[in-house]
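S.K.: This is the structure I have questions about; it appears just below.
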Amino acid sequence: MAPSLEHLCWPFFDAPHRALAEAACAFGERHLAGAAHPRDEAAVDERCRQLVRSLGAAGITRYCVREIDGGALPELDARALCLARETLAWWDGLADFVFAMQGLGSGALSIAGSAELRRSYLPRVARGEAIAAFALSEPDAGSDVAALSCAARREGGHYVLEGTKTWISNGGIADFYCLFARTSPGVRRADGSIGAQGISAFVVEPSDPGFHIEARIAVIAPHPLARLRLASCRVPAARLIGAEGEGFKIAMRTLDIFRTSVAAAALGFARRALDEALGHVRRRAMFGKVLADFQLTQAALADMVSGIEAAQLLTYRAAWLRDRGEAVTRAAAMAKLAATETAQAVIDRAVQMFGGRGVTSGEVVERLYREIRALRIYEGASEVQKLLIARDLLK
């Protein structure tokens, strides 16, 4: 069994996109089919390192950076990112995670890094030789990014960082972190919220004095996740990304590129759940028939595939619009909302079809049930996507 590539005939895609999807599928067949899905922290960390190296050797992580920095395409391409994530997610959620973080974790450098900074990090990201991380969230600043309190002050040739970051993917295994901190206070508005001005972006390395992994965070779909503590952490001033005060804009531009790819990953999970369900209902004997013979099963399957394909169209429309240089705030929000919510429903329906097997550790649908849940939260929770859509409609 392998993921369907029927949608590659859609007019959203060009020859390089089709080649990437086929290469990602071939990578899955060679490296991911039948692979173990460890849950022990050390084993998960090692598997992530292996996957970064393997994806790099296969040339797939080259799509995470621009051609000028060792990448595959002239610009970061949302359609390519989506196709890679959808295909990898069908095979293995950890492979999708690793690929996504190479792009998201280094995206600020691609967007605003100096030539020297890009030369230092991005070719290694493209080759799978360096692991990247994106350090934005804090204990009191998740969806409300502007509320972050991590501070950076200039001292001679360094910035000194103080504060805490949390929910940081690749925390504990990353070779560098694109990290956001305040170089000046935000202005408090009349409604009590904080303005986004004064946020800056930095490259922080684990060896920088004062950098600490304060705790590793265990979640239902295991992957490297950590809380970072910056205690008078000294970072060379040359590792400032862009100019002081541009960090919020850099972070939002990074998320705008990669948000649609979260929808694509959800589609990969949903497609795999549907494929598993189809195989199961054709074999599962019940009351002298197989499960597929019952109209309730057929109705559920119709709902599942209709939801997936509708969300798929929203996703690749949003990616296509972004690659054309058009405004995509509403389109990307609609894609992420529709795809992640639909995938949750599809996977839940597949678990139900499997009965007791569906909640048994080691079953594919049980793993998918754990893997999909976070996608409705990270890079903008579903509730935030609804606000973005409505605000765009009302403006």
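S.K.: Hey, D69 hits all of (1) closer than 19 Å to R322 by Cα; (2) over 18 Å from the mean Cα position of the chain (by Cα) but one; which does it fall short on?
M.R.: Just one mismatch for D69, condition (1).
S.K.: Could you tell me whether any residue of segment 32-49 is free of Cβ contacts under 8 Å to residues at least 60 places away in the same chain, part of a loop (DSSP other than H, G, I, E, B) and under 18 Å from the mean Cα position of the chain (by Cα)?
M.R.: no
S.K.: Next question, about the same structure. Quickly run through segment 193-208 and pick out the residues that are part of a loop (DSSP other than H, G, I, E, B) and not polar (S, T, N, Q).
M.R.: G195, A196, G198, E205, P206, D208
S.K.: Give the number of residues within segment 236-256 that are open to solvent by less than 10 Å² (accessible area, probe 1.4 Å) and touching a Gly at 6+ places or on another chain (Cβ under 7 Å).
M.R.: Looking only at that region, the number is 3.
S.K.: With respect to G172, determine if the residue is open to solvent by 20 Å² or more (accessible area, probe 1.4 Å) and either farther than 18 Å from F97 by Cβ or under 24 Å from the mean Cα position of the chain (by Cα) (or both).
M.R.: yes
S.K.: Here's a follow-up. Tell me which residues, restricted to segment 212-235, are open to solvent by less than 10 Å² (accessible area, probe 1.4 Å) and part of a loop (DSSP other than H, G, I, E, B).
M.R.: The one that is open to solvent by less than 10 Å² (accessible area, probe 1.4 Å) and part of a loop (DSSP other than H, G, I, E, B): P224.
S.K.: Also: Could you list all residues from segment 50-64 that are crowded, with 16+ Cβ neighbours inside 10 Å, touching a residue at least 60 places away in the same chain (Cβ under 8 Å) and of a type in the set (G, A, S)?
M.R.: Once the filter is applied, which keeps residues that are crowded, with 16+ Cβ neighbours inside 10 Å, touching a residue at least 60 places away in the same chain (Cβ under 8 Å) and of a type in the set (G, A, S), segment 50-64 yields S54, G56.
S.K.: Looking only at segment 233-254, decide whether some residue is over 21 Å from L122 (Cβ atoms), modelled with pLDDT of 95 or more and in contact with a Cys (Cβ under 8 Å, 6 or more places away or on another chain).
M.R.: Checked against the condition, which is being over 21 Å from L122 (Cβ atoms), modelled with pLDDT of 95 or more and in contact with a Cys (Cβ under 8 Å, 6 or more places away or on another chain), segment 233-254 yields no hits at all.
S.K.: Something else: What number of residues in segment 370-395 are surrounded by 13 or more Cβ atoms within 10 Å (Cβ to Cβ) and free of Cβ contacts under 8 Å to residues at least 12 places away in the same chain?
M.R.: 2
S.K.: Now, a different point. Looking at L76, L20, which one is within 17 Å of the chain's Cα centre (by Cα) and either assigned to a helix (DSSP H, G or I) or not acidic (D, E) (or both)?
M.R.: Criteria check complete, one pass: L76.
S.K.: Please give the number of the condition Y177 fails out of (1) closer than 21 Å to E129 by Cβ; (2) assigned to a loop (DSSP other than H, G, I, E, B).
M.R.: Against the list (1) closer than 21 Å to E129 by Cβ; (2) assigned to a loop (DSSP other than H, G, I, E, B), Y177 comes up short only on (2).
S.K.: If G163 passes every condition in (1) open to solvent by 10 Å² or more (accessible area, probe 1.4 Å); (2) within 21 Å of the chain's Cα centre (by Cα); (3) within 12 Å of L228 (Cβ to Cβ); (4) not β-branched (V, I, T) but one, which one does it miss?
M.R.: Of the numbered conditions (1) open to solvent by 10 Å² or more (accessible area, probe 1.4 Å); (2) within 21 Å of the chain's Cα centre (by Cα); (3) within 12 Å of L228 (Cβ to Cβ); (4) not β-branched (V, I, T), the odd one out for G163 is (2).
S.K.: Let me ask something additional. Please find, within segment 111-153, the residue that is least open to solvent (accessible area, probe 1.4 Å) out of those that are of a type in the set (D, E) and not in a loop (DSSP other than H, G, I, E, B).
M.R.: E138
S.K.: If you go through segment 291-300 one residue at a time, do you hit one that is modelled with pLDDT under 95 and touching a Leu at 6+ places or on another chain (Cβ under 6 Å)?
M.R.: Looking through segment 291-300, none of the residues is modelled with pLDDT under 95 and touching a Leu at 6+ places or on another chain (Cβ under 6 Å).
S.K.: State which residue is modelled with the lowest pLDDT when the search covers only segment 319-333 and only residues that are assigned to a helix (DSSP H, G or I) and open to solvent by 60 Å² or more (accessible area, probe 1.4 Å).
M.R.: Residue satisfying both the conditions and the ranking: T329.
S.K.: Quick check on S306: is it under 30 Å from W10 (Cα atoms), open to solvent by 30 Å² or more (accessible area, probe 1.4 Å), within 26 Å of the chain's Cα centre (by Cα) and of a type in the set (S, T, N, Q)?
M.R.: Spelling it out, S306 is indeed under 30 Å from W10 (Cα atoms), open to solvent by 30 Å² or more (accessible area, probe 1.4 Å), within 26 Å of the chain's Cα centre (by Cα) and of a type in the set (S, T, N, Q).
S.K.: Just to be sure before I move on: is A273 surrounded by 15 or more Cβ atoms within 10 Å (Cβ to Cβ) and within 17 Å of the chain's Cα centre (by Cα) in the structure I sent?
M.R.: no
S.K.: Please go through segment 177-211 and give me each residue that is open to solvent by 70 Å² or more (accessible area, probe 1.4 Å), at pLDDT 90 or above and within 26 Å of the chain's Cα centre (by Cα), ordered by number.
M.R.: Passing the criteria: only S207.
S.K.: I've got another one for you. If you go through segment 3-17 one residue at a time, how many are open to solvent by less than 60 Å² (accessible area, probe 1.4 Å) and part of a helix (DSSP H, G or I)?
M.R.: Number satisfying all stated conditions: 3.
S.K.: Among the candidates A292, A311, which residue alone is within 14 Å of V262 (Cα to Cα) and surrounded by 15 or more Cβ atoms within 10 Å (Cβ to Cβ)?
M.R.: Every option except A311 fails the conditions.
The values are calculated or read from the model by the stated rules, or taken from the named source; none is laboratory data. Note that the structure is a prediction, hence the values are computed from the model and not measured. With ideal geometry, Cβ positions are generated from the backbone for all residues, glycine too; neighbour counts draw on all protein chains shown. Heavy atoms of the whole protein, side chains included, go into the accessibility calculation; ligands, DNA and RNA do not. Shrake-Rupley method; radii C 1.70, N 1.55, O 1.52, S 1.80 Å.
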